[in-house]
Structures are given as structure tokens and as C-alpha cells.
């Protein structure tokens, strides 16, 4: 074997070894990035998007229930012509009041859920995707306005003229529910894909 052949053999061995080392390093780095991504998504799902999705979907169902009560109230007590007899009017008034009280209880549960949502957002703000910041900020503004502008009985404290300039307040906007549900499902799908 000539010196030239020996040098080629050494270079091919070192080159192949170097390629193998570089390939192993690349695989390890890729695996580490994947592992960190999996851990981050799990954290987002467990601490932020999972709990938000739980409370937001609960609120959506409670809004539907409250709306059902409001529609039934309108059909039964507003649109119907009841006898003017005092006993009938008293029974209708009592039944109507009970119906509205029940609908109001569902909205009270929404308010309680919103307390949890605010705590989740405040505790885990570092896990929020940048695309969700605006929607979450609007929720916080609405939450703050409800606390400041609505009294215990549900009446508006802000003068109507001022309120009209500022715009409506929402217990939870549909966009919040959609954004949370969308992000939750995206995160679950991404996690499932990474774990395959």
C-alpha cells in the first residue's frame, strides 16, 4: 500500500467519522429541540389553554342556557295576552320573576368563571401566543369595565351618553371563545404530531 493510499484511507475514515459525529450531533440537537417544544406545548395546554378552554366552553353553554330562558320568557310572558284578573297577573308576575332569576343565576356563574379566567391569564401570561394577546386584552378590559361600570344589581353606573361613546361591555365576547377553542385544538394537534 502506497503512502497516497494510506492518506486516502485515513481521510476517508476521518471524513466518514466526522460525518457520523456531525450527523449524531444534529440528531441530538433536533431531538432536544423537539423535547423542549413538547414540554412547552404540554405546559401551555395544562396551565393556560386547557383551563381557558374549559371555562370558556362552560360560559358558552351557560350563555345558550340563559338565552333559552330569555326567549322562553319573551314567548310566555311578553308576547302572550294574559287575563287582567289580579290573581292571574300575580301568578304571571311571580312566574316571570322566577324565570328571570334563574337566567340571572347562569350569568352569575359566568361571572364566577371569568374570575378564574382572569387568574389564569394573570398567572400564565408568559405562555400566551402572540396572536391571542389582543383577544385576551379585550377580555381583561371588558372584565374591568364590568367591575367598574355595573353595580351589584346589574344596573349601569356609567351615564348612558358616556357608555354609548365607549361601546358595549361583554361578559365574554364570542371571539374569545373561538380564539381559545381554536388555539387549544391547534396545540393538541401539534402535540399529537410531535409525539408520533
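Quick notes on this structure:
- q = 0.17 Å⁻¹: log10 I(q)/I(0) that the Debye formula gives for the chain, counting C-alpha atoms only: -1.15
- Between the Cα long axis of helix 50-73 and the first principal axis of the chain there is an angle of about 20°, rounded to the nearest 10.
- Fluctuation leader among 51, 159, 174 - the chain, Gaussian network, Cα springs under 10 angstrom: 159
- Contact order relative to length of the chain, as percent, for alpha carbon pairs under 8 angstrom and 6 or more apart: 32 percent
- Relative to the longest principal axis of the Cα atoms of the chain, helix 133-149 runs at roughly 30 degrees.
- A protection proxy built from the mean count of other Cβ atoms within 10 Å ranks the segments 145-158, 125-138, most packed first, as 125-138, 145-158.
- Within a Gaussian network of the chain (alpha carbon springs, distance under 10 Å), most fluctuating of 183, 91, 36: 91
- Using a simple spin-label model with pseudo-atoms 7 Å out from Cα toward Cβ, residue 71 and residue 43 lie 4.4 nm apart.
- Rough spin-label spacing in nm, given labels placed 7 Å along Cα→Cβ, for residue 190 and residue 92: 5.7 nm
Read the figures in this text as sums done on the coordinates, not as results from a lab. Quick caveat: nothing in here was measured; it's all calculated off a predicted structure. A quick note on method: Cβ atoms are made from the backbone with ideal geometry, for glycine too, and the neighbour counts reach across all protein chains shown.
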